[in-house]
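Single-structure report; data block below.
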Amino acid sequence: MTTFTFDRAMVAHVAGLPAVRQAASQGDELVSLWPLTQAMQMDNDVKYAENLQVRVTRVFARAISGQDVTVPDAEFVYEGADSIPGRPQEIVDALLNANDAYETMSPFSETGDVRLVVEAARILGVDWSGPVADRVLDVLGGVERALSGSEASGAAGADGVAERFAVALMACDKLLAVVAPDGSDVRAALPVLLVVNELHEQIALPRILMTLEEITALLARRAHVASEGGSVLDATAEFVAPLAQAEWKKHYDDVLWNPDEAKKKAKEEDEKRNKEALAAKFAHVKDDPNKETVEL
């Protein structure tokens, strides 16, 4: 078995890619909020985490069932439903499996137990056993070696985020090369998102999300670049980084969301739109310079 290594020069190269640097800047802004001390922000973060699970499991269920899984479908099952009136049971079962896999993987960030990875993949209908499991374990071991003794492994600031994100991107690249080498098996790639997010948790990075269309596009992009003899790692990093940046911006905004301020802002925007609409409605009416002035 080939041992995966994370060459420090390559880590630095990936960390220096413009897209990775931009994402790292947003990631640092989010990470800098911690430790959260305000009750509202802590509640917002819990809601974000719950919503993220709903969004991820919806992606997985779409891939598993091949059907149009709605957000309400995913929310109902997350909240405990095992059937939804008027909806195909196949969708519900796919969502149940997706949530089971998500929760099965959740202890991995603390335990590092690769058996959780294999079991989560099995629940999603993916065979990550034998040699594949061995290679997945080797990749994850390589991550630990890459960060061992690295100042960036716990460093604050965008530089530290960029280096840790680079290692995570390299792990993603290597895992996809193991489980979906030709880029044709989207389902085989699903557990990689779970692994990468648990890895992010281990190395103090926020979680990310990819839609089914984005996962499919990433695999296609990797296959194309490989056929052209280009850098698949760079292509992966440049594809994933903007998605991470967008998700980290959403997480940041969600944590800082204040319902009172949001209500006030919405009211001000409504008033502004009403004034603009009224002005437009009477824009054709010219003021009469000869009209009598009325004192109130």
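How many of the residues making up the range 41-62 are in contact with a Leu (Cβ under 9 Å, 6 or more places away or on another chain) and over 17 Å from residue 104 (Cβ atoms)?
Kept after step one, since they are in contact with a Leu (Cβ under 9 Å, 6 or more places away or on another chain), are these residues of the range 41-62: 41-42, 44-45, 52, 55-62.
With the extra rule that they be over 17 Å from residue 104 (Cβ atoms), the set shrinks to 41-42, 44-45, 55, 58, 62.
Number of matching residues: 7.
Quick one: what pairs do we get from the range 257-271, first residue in contact (Cβ under 8 Å) with a residue 12 or more places away in the chain, second assigned to a helix (DSSP H, G or I), C-beta under 6 Å, 6+ apart or different chains?
257/44
Does residue 179 satisfy the condition of being more than 17 Å from the chain's Cα centre (by Cα) and aliphatic (A, V, I, L, M)? Walk me through it before giving the result.
Numbers: more than 17 Å from the chain's Cα centre (by Cα): yes; aliphatic (A, V, I, L, M): yes.
Spelling it out, residue 179 is indeed more than 17 Å from the chain's Cα centre (by Cα) and aliphatic (A, V, I, L, M).
Just the residues that are at pLDDT 90 or above and over 24 Å from residue 184 (Cα atoms), please, taken from the range 112-137.
116 - this is the single residue of the range 112-137 that is at pLDDT 90 or above and over 24 Å from residue 184 (Cα atoms).
Give just the number: which of (1) in a loop (DSSP other than H, G, I, E, B); (2) open to solvent by less than 60 Å² (accessible area, probe 1.4 Å) does residue 74 not satisfy?
(1)
For the range 91-209, give me every one of the helices (runs of 4 or more DSSP H) that falls completely inside it and has 3 or more residues that are among the small types (Gly, Ala, Ser) and either open to solvent by 50 Å² or more (accessible area, probe 1.4 Å) or farther than 26 Å from residue 227 by Cβ (or both). I'd like the intermediate steps shown before the answer.
Details: elements: 108-111, 114-123, 131-147, 157-179, 186-202.
Qualifying helices (runs of 4 or more DSSP H): 131-147, 157-179.
State which residue is surrounded by the most Cβ atoms within 10 Å (Cβ to Cβ) when the search covers only the range 232-247 and only residues that are within 18 Å of residue 178 (Cβ to Cβ) and among the small types (Gly, Ala, Ser).
Here the answer is 237.
Could you check the range 98-142 and list, in sequence order, the residues that are among the small types (Gly, Ala, Ser) and within 24 Å of residue 59 (Cβ to Cβ)? Walk me through how you get there before you give the answer.
To start, the set of residues in the range 98-142 that are among the small types (Gly, Ala, Ser) comprises 98, 101, 106, 109, 112, 120-121, 125, 129-130, 133, 141-142.
98, 101, 106, 109, 120, 121, 125, 129, 133 - these are the residues of the range 98-142 that are among the small types (Gly, Ala, Ser) and within 24 Å of residue 59 (Cβ to Cβ).
This table checks each residue for (1) over 18 Å from the mean Cα position of the chain (by Cα); (2) among the polar types (S, T, N, Q); (3) at negative phi.
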| residue | (1), (2), (3) |
| --- | --- |
| 28 | no, no, yes |
| 34 | yes, no, yes |
| 37 | yes, yes, yes |
| 43 | yes, no, yes |
| 46 | no, no, yes |
| 52 | no, no, yes |
| 63 | no, no, yes |
| 71 | no, no, yes |
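For the condition open to solvent by 60 Å² or more (accessible area, probe 1.4 Å), basic (Lys, Arg) and within 14 Å of the chain's Cα centre (by Cα), what is the one hit in 250, 275, 264, 281? Walk me through how you get there before you give the answer.
Details: 275 fails: within 14 Å of the chain's Cα centre (by Cα); 264 fails: within 14 Å of the chain's Cα centre (by Cα); 281 fails: within 14 Å of the chain's Cα centre (by Cα).
Only one candidate qualifies: 250.
Could you tell me how many of the residues in the range 210-227 are surrounded by fewer than 20 Cβ atoms within 10 Å (Cβ to Cβ) and assigned to a loop (DSSP other than H, G, I, E, B)?
Residues that pass the stated criteria total 1.
The values are calculated or read from the model by the stated rules, or taken from the named source; none is laboratory data. In this text the structure is predicted, and so the values were computed from the model without any measurement. Note: ideal-geometry Cβ built from the backbone for every residue, glycine included; neighbour counts use all protein chains shown. These accessible areas exclude ligands, DNA and RNA; they are computed on the full protein's heavy atoms, side chains included. Shrake-Rupley method; radii C 1.70, N 1.55, O 1.52, S 1.80 Å.
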